1. Restricting attention to the range 538-566, and to residues there that are at pLDDT 90 or above and of a type in the set (Lys, Arg), which single residue is farthest from Ala595 (Cα to Cα)?
2. Would you be able to tell me the number of residues in the range 654-673 that are part of a helix (DSSP H, G or I) and surrounded by 17 or more Cβ atoms within 10 Å (Cβ to Cβ)?
3. Scan the range 559-572 and give yes if some residue there is under 18 Å from Leu657 (Cα atoms), over 20 Å from the mean Cα position of the chain (by Cα), in a helix (DSSP H, G or I) and outside the structural domain of Gln277 (by TED's automatic domain parsing), otherwise no.
4. Based on this model, can you work out whether Glu577 counts as under 20 Å from Gly526 (Cα atoms) and in a helix (DSSP H, G or I)?
5. Just checking, does the range 317-331 include any residue being farther than 22 Å from Pro516 by Cβ and among the small types (Gly, Ala, Ser)?
6. Can you go through Val54, Val84 and tell me which one is crowded, with 24+ Cβ neighbours inside 10 Å and either in a loop (DSSP other than H, G, I, E, B) or at pLDDT below 85 (or both)?
7. Based on what the data block shows, is Ser602 surrounded by 18 or more Cβ atoms within 10 Å (Cβ to Cβ) and at pLDDT below 95?
Amino acid sequence: MQESGGSAIAELKGSPAPEPGPDPQAASDVFISYASKDAATASAVVAVLESQGVKCWIAPRNVIPGSQYADGIVRAINGAKVVVLVLSESAIASPHVGKEIERASSKQRPIIALKTDATPLTPALEYFLSESQWVEVGAAGTEAALAKLTDAVRRHLSGSAASAAAPPGRPPLVRAPPKRRISWIAAVVACGAALTPAYFVADKFWLSKQAARERTAAAVMPAAAAISDKSVAVLPFVDMSEKKDEEYFSDGLSEELINHLSHSPGLKVIARTSSFQFKGRNEDVRSIAARLGVAHLLEGSVRRAGHELRVTTQLIRASDGVQLWSQTFDRNLVDIFKVQDEISDRVAKALNATLSVDRPIGQESDVEAYNLVLEGNYYKARRNKGDVEKAVQLYKKAIDIRPNYALAWARLASAYLTLAQVHGPPSPEDNARILGALDRAIRLDPNLIWAYYTRAGFEMAIKWDWAAAQADQERMRALDPGNTYLLPSALGDMALVSGHATEAVEQYEREIEQNPLDPFSLQAIGVALCASDRLQECLRYRLKLEQLHPDFGGVNSFVGMARLYLGQLPEALAAMEKEPEKDLRLTGLALVYTAMGKRAASDGVLRTLEESFAADDTYEIAEIHAYRGEADAAFEWLQRSYQMHNSKILLAKTDPLLRNLQGDRRFQTLLVKLRLPE
């Protein structure tokens, strides 16, 4: 009995007939060869490829009613540019698959095999597939393998019209403008009225058939790793001062302890943003530790009266609440550095770890200046313009007291950079004072990582000087090879801008391990996963972001875009309509309406976006036009974005929304002008 599906070449009976030529109706980019038992996998392959505008031929779907089955398959192979083989035990045993591969080989069609199991090949298949490209479904799973398969197909079709653009009305890929990512590229990610040094990241999504995707994608998040005994979270110390006006000091002490402990080799220390999620909350220690993924918690309190200081701290084993160590320090304020060192040393010893980094030069010189820096950090962390301006004044006071205080100069530069980004690209005067403060910090302390971190962000976001930014990153790595508190986000952002999505995922996975509850880390890991086509995981991270931080800027849009990419159009529309930020809402609606075939509605919201946000959203408008297949308009808005030095355009190399433009010589010209890193 003949197998159903594209793998079935019926035996020709009787006298040989003239070989069928290519049928224009059968012409396709890809012919799918498979055994009938692999029909679900073959359908998933078709769904993924066709979601990117690659035309597939698969039996029985494309067999013309009334025609001879075998003739249709032969014509389809003759007319295809590439053959994709679902290579399994069933396929290896199928004589029909063998005949299809033999014909494809004789016609010198490239064959790409998706190998789903370890069954050895027959000698005949081994001969015909000896020069073929293979993609194996290994530990990474089917979804990752399909992503590799798609890349391989696109490379083979790179010279064809099918790879340059998707069919009208069905753009291949979409992404949400990542306007709220805080890492290094501050120019791209305004959050409220103020910014911190930041990078940005891009989503990469496939608008595909949901049923087929769910058959092949992992529907759950990766299993959590076992919690190491050498792991700790420093909870924000409680301000016990009489007037409750020393919170900046208790927060600063907590952050300093995090920084100290993070330099202990082999010790996992949760970043400030995640551990500070529990500030002022009375939760069970086991619950807190489980959410942060640690075995121990360090908590305490600070009471300060003038120069008199009392610090009480305790190290708790979360599994049973046992107090492993506790101590009260009654000291003068001038001894604060010794207290920090002693607490860090005792915690490290209790967890069988060692500390390995010295305090930055100049910090011990003046306690009053140090106190002002702590207070400046407290206000700058609030990220609104008024508080950041207050932080600038506090850093300046610290410098007035101690002009050679390197950390104060670096923090001042960081605050300047934040302020400069509030109302668009910095002016030459802004740039001069940012670089001036950074140069002063590095001259005073050539080993100050925070200064290189800030300067690399400035070079990448403002100057677009990739070589200089990478040099500063290498300097950071050399100074502290084990530091996971600053580097993962920086390296992840650089990898994504460079077009290396897989590497970006790896870096953001490191970041999320250290900072599991930080909204910006959650958004970053989500968009990096989507850039690697791990769509279900991306959606889950975004839903987690929505659950933990419902007021996070743009969260409804992010979830809505994820729904759109997975083909959940009604849900995507509902999420977009809830988005309070008008430009994000309009951007998302224009894309959703396009996907729903509501062109007039898309026209209306796009027109409103252009009329209301032309000065700020040039890049988003270009993305929408590219998505809609309007290349000339897209390039016009991209040129505006470039002329305005809009840092969002740095996403062009990896932005799926611009994929319809990639076959246009104007796109290559744009990349040359941007000089993006390789």
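The values are calculated or read from the model by the stated rules, or taken from the named source; none is laboratory data. As the structure is a computational prediction, the values presented were derived from the model and not from experiment. Note that each Cβ is placed from the backbone with ideal geometry, even for glycine, and that neighbours are counted across all protein chains shown.
1. The qualifying residue farthest from Ala595 (Cα to Cα) is Lys544.
2. Filtering the range 654-673 for residues part of a helix (DSSP H, G or I) gives 656-661, 665-673.
Applying the additional criterion that residues be surrounded by 17 or more Cβ atoms within 10 Å (Cβ to Cβ) yields 656-661, 667, 670.
So the answer is 8.
3. yes
4. Spelling it out, it is not the case that Glu577 is under 20 Å from Gly526 (Cα atoms) and in a helix (DSSP H, G or I).
5. Yes.
6. Val54
7. Values: surrounded by 18 or more Cβ atoms within 10 Å (Cβ to Cβ): yes; at pLDDT below 95: no.
The answer is no for Ser602.
Let's see how each residue does on (1) touching a Cys at 6+ places or on another chain (Cβ under 8 Å); (2) over 20 Å from Pro656 (Cα atoms):
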{"site": "Cys538", "(1), (2)": "yes, no"}
{"site": "Arg542", "(1), (2)": "no, no"}
{"site": "Gln547", "(1), (2)": "no, yes"}
{"site": "Glu581", "(1), (2)": "no, yes"}
{"site": "Gly588", "(1), (2)": "no, no"}
{"site": "Met596", "(1), (2)": "no, no"}
{"site": "Arg599", "(1), (2)": "no, yes"}
{"site": "Glu620", "(1), (2)": "no, no"}
